[in-house]
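Only one structure is covered here, and it is reproduced in the block below.
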There are 2 protein chains.
Amino acid sequence: MKIAIAGAGAMGCRFGYMLTKTGQEVTLIDEWPAHIEAIQKNGLKVVDGENTDTIDIKIIRPEEATEEVDVVIAFTKSMKLGEMLEKIKAIIHEDTKVLCLLNGLGHEDTMAKYVPRKNIIMGVTIWTAGIIEPGVARLGGTGTVEMQAADPSGVAIAKELVEVMDKAGLNASYSEDVHFSTWRKACVNGTMNATCAILDANIGEVFDTSTAEAIVMQIIAEFVAVAEKEGVHLDPAAMKDYVYTASNKVRGHYPSMHQDLIQNHRFTEVDFLNGFVARKGKEYGIPTPYCQLITELIHAKEDILKVK
Amino acid sequence: MKIAIAGAGAMGCRFGYMLTKTGQEVTLIDEWPAHIEAIQKNGLKVVDGENTDTIDIKIIRPEEATEEVDVVIAFTKSMKLGEMLEKIKAIIHEDTKVLCLLNGLGHEDTMAKYVPRKNIIMGVTIWTAGIIEPGVARLGGTGTVEMQAADPSGVAIAKELVEVMDKAGLNASYSEDVHFSTWRKACVNGTMNATCAILDANIGEVFDTSTAEAIVMQIIAEFVAVAEKEGVHLDPAAMKDYVYTASNKVRGHYPSMHQDLIQNHRFTEVDFLNGFVARKGKEYGIPTPYCQLITELIHAKEDILKVK
């Protein structure tokens with residue numbers, strides 16, 4: 001399968017590596033000059049515990065993407081999705097499928113502006129990865145990928161892609177309700193990412209505080225209420241269990257929003273997590289004050305830190 | 001007048017200094033060993049711009065307070081008020097007036113547990129001061145004091161105290177509605193103190209952010225709604241003007257809650273500002289989610305920083 005991975009950050013590198021190792025023809029697309037240069041010069045290096053491996057893999061800038069592919073896997077930062085799809089439209093032909101594996105909510109609407117509905121596949125993954133330095137990704141841990149074609153006509157191809165990914169060891173499955181998994185993951189992120197960034201603490205530190213449960217439960221309630229209006233049923237009690245189980249597994253972890261905002265002074269994805277819920281809450285007339293204030297505090301901190 | 005100042009922090013020292021200089025018989029009461037020792041050994045030193053002055057002033061621990069006084073001025077941290085009144089009950093006789101000049105809301109109920117209503121005087125001041133090191137206070141700036149007897153029988157004495165303070169240069173006045181001034185000041189603090197602490201920024205930095213106005217206006221709306229139920233009318237538009245005028249005068253300032261929490265890892269007074277509004281809002285059935293979440297975030301940060 002000819003696959004382009006649009007966004008070769010940590011997750012794009014992980015998927016690119018695993019797919020290439022199992023014989024797929026993968027091209028990475030990214031805009032980070034040092035990363036591109038390192039991979040072009042030395043290949044993509046991956047570190048997994050004690051083991052390291054290096055592979056040759058093509059990496060290009062969006063402007064250089066001209067060759068049609070079977071599948072595009074979108075792995076950009078949330079706020080870069082539209083811009084990336086616009087820049088690589090030369091490689092998205094009439095039958096090119098575009099799989100969206102971004103974090104957060106609201107991406108299907110962005111996808112629909114650039115890709116015909118019949119070619120959209122929405123997905124969600126709980127794999128993790130990190131970038132150690134330009135050209136070097138850290139793997140470790142395990143995960144899954146779920147995906148579902150946005151249109152019935154795309155199911156067959158989506159299932160082929162599931163098979164390709166599963167062969168690559170990515171624990172892929174075809175889902176009949178990917179929106180549920182997307183919302184559930186977003187809700188987990190919605191309780192942890194912004195709170196850790198605002199409080200400048202890791203997940204264990206935040207969840208151990210005397211007020212964590214009150215904050216977490218109100219955020220869950222707001223996600224649940226808005227999800228319901230969006231046709232996704234999340235059960236608050238089950239969601240609480242899921243969040244607490246997840247938080248216990250990654251107590252020492254600083255979520256990506258902490259890495260972006262506090263460690264690297266970069267823009268965050270809050271508008272696609274708590275900010276999305278607050279915006280939709282307003283549209284639906286559902287009060288979402290915790291998501292609203294959390295979003296406002298994150299944007300205030302972005303301004304104070306003069307993020308770029 | 002025999003005056004005891006219960007709580008010899010920055011503000012207690014300022015008032016103690018100014019009252020002593022105009023001939024009043026002032027005793028400071030505090031529990032900070034280094035501060036007590038320094039003042040007992042070297043006197044109280046005050047620094048006002050280029051000028052410094054040192055006076056002899058009595059300072060004792062609460063346990064040593066046995067001599068009856070005419071007036072107690074309470075200047076403790078909010079959470080220490082009840083404890084202090086309990087410890088100094090030996091000096092509060094049948095006719096001893098107790099003037100409360102603490103920041104924040106809800107202190108009249110605490111006062112009423114230790115002092116008969118006829119002897120309570122509620123007040124509010126916008127003087128400022130700082131502690132440079134044990135035994136040394138920084139003055140600077142100007143301010144006012146307003147006060148009102150809690151009971152009509154206390155008016156005459158309260159007016160005498162106004163005169164004594166006014167002679168000391170404290171710009172004192174008798175108020176017919178001290179609750180209004182108390183709420184208005186608390187609302188200003190409610191917009192600035194916790195937000196600067198949570199965002200680790202000064203007032204100018206917070207008020208310059210793109211989301212500051214949305215946050216400030218919702219906090220004001222919650223204070224206004226709860227104040228109304230407490231019999232105090234604050235006008236939202238006038239309150240906004242007042243907050244923005246105040247913020248413009250102290251743009252480089254880190255409010256006391258930032259000093260307590262972020263700089264010194266001490267407990268904050270949030271339960272007497274946003275926390276009070278959230279608690280009363282719950283009692284009255286008025287939604288106060290911003291004050292609630294702000295209070296929860298401050299308490300979470302207190303836990304994370306292991307404050308004492």
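The values are calculated or read from the model by the stated rules, or taken from the named source; none is laboratory data. These numbers were taken from a predicted model, which means no experiment stands behind them. Methodologically, a virtual Cβ is constructed for each residue, glycine included, from the backbone with ideal geometry; neighbour enumeration extends over all protein chains shown.
Assorted remarks:
- Residue check for residue A:83: free of Cβ contacts under 8 Å to residues at least 60 places away in the same chain, part of a helix (DSSP H, G or I) and either touching a Phe, Trp or Tyr at 6+ places or on another chain (Cβ under 6 Å) or surrounded by fewer than 21 Cβ atoms within 10 Å (Cβ to Cβ) (or both): yes
- Among the residues making up the range B:229-247, those that are assigned to a helix (DSSP H, G or I), touching a residue at least 24 places away in the same chain (Cβ under 8 Å) and of a type outside the set (Lys, Arg) are B:239, B:242, B:243, B:244, B:246, B:247.
- Residue list for the range B:140-161, filter: within 30 Å of residue B:49 (Cα to Cα) and either among the charged types (D, E, K, R) or surrounded by fewer than 21 Cβ atoms within 10 Å (Cβ to Cβ) (or both): B:140, B:141, B:142, B:143, B:144, B:146
- Total residues in the range A:248-264, condition exposed (fewer than 14 other Cβ atoms within 10 Å of the Cβ) and outside any helix (DSSP H, G or I): 3
- The range B:168-219: number of residues that are of a type in the set (Ser, Thr, Tyr) and facing chain A (nearest Cβ under 9 Å): 4
- Residue-level analysis places residue A:229 among those that are in contact with a helix residue (DSSP H, G or I) (Cβ under 8 Å, 6 or more places away or on another chain) and basic (Lys, Arg).
- Checked against the criterion of being in the same structural domain as residue A:13 (by the TED database), within 21 Å of the chain's Cα centre (by Cα) and polar (S, T, N, Q), the candidates A:27, A:66, A:54 yield just one match: A:27.
- Test: residue in the range B:262-279 that is touching an Asp or Glu at 6+ places or on another chain (Cβ under 7 Å), closer than 20 Å to residue B:110 by Cα and not polar (S, T, N, Q): yes
- Number of the condition not met by residue A:132 [criteria: (1) free of Cβ contacts under 8 Å to residues at least 40 places away in the same chain; (2) loosely packed, with under 15 Cβ neighbours inside 10 Å; (3) among the aliphatic types (A, V, I, L, M)]: (1)
- For the range B:273-282, the tally of residues that are more than 13 Å from every other protein chain (Cβ to nearest Cβ) and buried (at least 23 other Cβ atoms within 10 Å of the Cβ) stands at 3.
- Residue selected from the range A:283-300 under the condition over 17 Å from residue A:215 (Cβ atoms) and at the interface with chain B (Cβ under 9 Å from one of its Cβ atoms), by the criterion surrounded by the most Cβ atoms within 10 Å (Cβ to Cβ): A:300
- Scanning the range B:109-129 for residues that are surrounded by fewer than 23 Cβ atoms within 10 Å (Cβ to Cβ) and either small (Gly, Ala, Ser) or within 27 Å of residue B:141 (Cβ to Cβ) (or both) turns up B:112, B:126, B:127, B:128, B:129.
- Residue check, residue B:252 more than 10 Å from chain A (Cβ to nearest Cβ), of a type in the set (Gly, Ala, Ser) and closer than 25 Å to residue A:199 by Cα: yes
- From the list A:34, A:8, the one residue that fits, being surrounded by 16 or more Cβ atoms within 10 Å (Cβ to Cβ) and either closer than 24 Å to residue A:257 by Cα or touching a residue at least 60 places away in the same chain (Cβ under 8 Å) (or both), is A:8.
- The lone exception for residue A:242 - which of (1) modelled with pLDDT under 95; (2) crowded, with 16+ Cβ neighbours inside 10 Å it fails: (1)
To keep it simple, each residue is scored yes or no on (1) within 30 Å of residue B:43 (Cα to Cα); (2) of a type in the set (Phe, Trp, Tyr); (3) at pLDDT below 95; (4) within 19 Å of the chain's Cα centre (by Cα).
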{"position": "B:102", "(1), (2), (3), (4)": "yes, no, no, yes"}
{"position": "B:124", "(1), (2), (3), (4)": "yes, no, no, yes"}
{"position": "B:129", "(1), (2), (3), (4)": "yes, no, yes, yes"}
{"position": "B:134", "(1), (2), (3), (4)": "yes, no, no, no"}
{"position": "B:142", "(1), (2), (3), (4)": "yes, no, yes, yes"}
{"position": "B:146", "(1), (2), (3), (4)": "yes, no, no, yes"}
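- Some residue of the range B:44-58 being assigned to a helix (DSSP H, G or I) and of a type outside the set (Phe, Trp, Tyr): no
- So residue B:198, is it in a helix (DSSP H, G or I) and over 21 Å from the mean Cα position of the chain (by Cα): no
- All of (1) assigned to a helix (DSSP H, G or I); (2) farther than 22 Å from residue A:110 by Cα; (3) away from every other protein chain (no Cβ under 11 Å) hold for residue A:307 with one exception: (1).
- You will find that of A:277, A:270, the residue that is touching a Phe, Trp or Tyr at 6+ places or on another chain (Cβ under 7 Å) and among the β-branched types (Val, Ile, Thr) is A:277 and no other.
- Flag for residue B:176 being over 23 Å from residue B:250 (Cβ atoms), within 16 Å of the chain's Cα centre (by Cα) and surrounded by fewer than 21 Cβ atoms within 10 Å (Cβ to Cβ): no
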